[in-house]
Amino acid sequence: DSGVTQTPKHLITATGQRVTLRCSPRSGDLSVYWYQQSLDQGLQFLIQYYNGEERAKGNILERFSAQQFPDLHSELNLSSLELGDSALYFCASSVEGTTPTDTQYFGPGTRLTVL
Amino acid sequence: AQSVAQPEDQVNVAEGNPLTVKCTYSVSGNPYLFWYVQYPNRGLQFLLKYITGDNLVKGSYGFEAEFNKSQTSFHLKKPSALVSDSALYFCAVSPPPSSNTGKLIFGQGTTLQVKP
């Protein structure tokens, strides 16, 4: 168990809908990262938050947004869902996240299925 | 731009034999390299990382990785494979310190199949 929790484990929804994925980092970690894992794209970095502020952005669609709250948990919001958004979404956390030497610890993921 | 490549989609090895999962990298500046393992229906688990220093890095579950600067490689190794090592393995690289982020850029992954 990495100490990173994600809810829900599974999410099934329809095209055009909006969902929210939640992540609680390990105790003491200030950075939260979101990644998307799909068969065609592999494991892609979406966005990073550090102590409540956006730190880095990757291949995140405009329909997706995220935030990190004062208690350091994070939410990833996916809207106007398309079939191609079906994927496994991982959250990871690290102590700092401002240097490349930090180790990231991953949650179990949320499997999103868009029908 | 930073990138890693895992040239093999799948590696098959017999239990008890040594295993190698290959990774090559392309970075500007010093490389910061990681190996993660993903078991079915699980999240990624950290195995080891290379930041600086010894070219042979020891990690969890008996795994080690050899950093080779001249060949720009960071291959994952284990002297004696177990059936329970069967999983999906990812190599990853982190951008340089000047980017002020610890985000990871992953390879496509290599499925390791260890047969009894």
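Below is a table of values for the structure above.
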quantity: Per-region count, the range A:68-88, residues part of a loop (DSSP other than H, G, I, E, B), open to solvent by less than 30 Å² (accessible area, probe 1.4 Å) and free of Cβ contacts under 8 Å to residues at least 60 places away in the same chain; calculated: 1
quantity: One residue from A:Gln6, A:Gln37 being outside any loop (DSSP other than H, G, I, E, B), open to solvent by 20 Å² or more (accessible area, probe 1.4 Å) and either within 29 Å of B:Thr110 (Cα to Cα) or among the hydroxyl-bearing types (Ser, Thr, Tyr) (or both); calculated: A:Gln37
quantity: Every pair of residues 6+ apart whose Cβ atoms lie under 6 Å, when the first sits in the range B:94-116 and is farther than 12 Å from B:Val4 by Cα while the second is open to solvent by 10 Å² or more (accessible area, probe 1.4 Å) and among the basic types (Lys, Arg); calculated: B:Thr101/A:Arg55
quantity: Selected residue (criterion: nearest to the other protein chains (Cβ to nearest Cβ)) from residues of the range B:86-116 that are crowded, with 18+ Cβ neighbours inside 10 Å and in contact with a helix residue (DSSP H, G or I) (Cβ under 7 Å, 6 or more places away or on another chain); calculated: B:Leu112
quantity: Residue check, B:Asp9 buried (at least 17 other Cβ atoms within 10 Å of the Cβ), acidic (Asp, Glu) and within 15 Å of the chain's Cα centre (by Cα); calculated: no
quantity: The range A:89-115 - residue that is surrounded by fewer than 19 Cβ atoms within 10 Å (Cβ to Cβ) and in contact (Cβ under 8 Å) with a residue 12 or more places away in the chain and, of those, farthest from A:Ile47 (Cα to Cα); calculated: A:Leu115
quantity: The range A:45-67 - residue that is away from chain B (no Cβ under 14 Å) and in contact with a strand residue (DSSP E or B) (Cβ under 8 Å, 6 or more places away or on another chain) and, of those, least open to solvent (accessible area, probe 1.4 Å); calculated: A:Phe64
quantity: Residues of the range B:76-85 that turn out to be open to solvent by 40 Å² or more (accessible area, probe 1.4 Å) and not hydroxyl-bearing (Ser, Thr, Tyr), as a count; calculated: 4
quantity: Strands (runs of 3 or more DSSP E) fully within the range B:15-115 counting 3 or more residues that are under 29 Å from A:Lys57 (Cβ atoms); calculated: B:24-26, B:33-38, B:44-50, B:87-93
quantity: Residue within the range B:66-73 that is touching a Cys at 6+ places or on another chain (Cβ under 7 Å), more than 14 Å from every other protein chain (Cβ to nearest Cβ) and either crowded, with 16+ Cβ neighbours inside 10 Å or more than 27 Å from A:Gln48 (Cβ to Cβ) (or both) present; calculated: yes
quantity: Subset of the range A:12-29 (residues that are touching a Leu at 6+ places or on another chain (Cβ under 7 Å) and buried (at least 19 other Cβ atoms within 10 Å of the Cβ)); calculated: A:Leu21, A:Pro25
quantity: Count of the range B:17-37 residues which are more than 14 Å from chain A (Cβ to nearest Cβ) and at pLDDT below 95; calculated: 1
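The values are calculated or read from the model by the stated rules, or taken from the named source; none is laboratory data. Source: prediction; values computed, not measured. Heads up, the Cβs are rebuilt from the backbone with ideal geometry, glycines too, and the neighbour counts pull from every protein chain shown. In case anyone asks, the SASA skips ligands and DNA or RNA and just uses the protein heavy atoms, side chains included. Shrake-Rupley method; radii C 1.70, N 1.55, O 1.52, S 1.80 Å.
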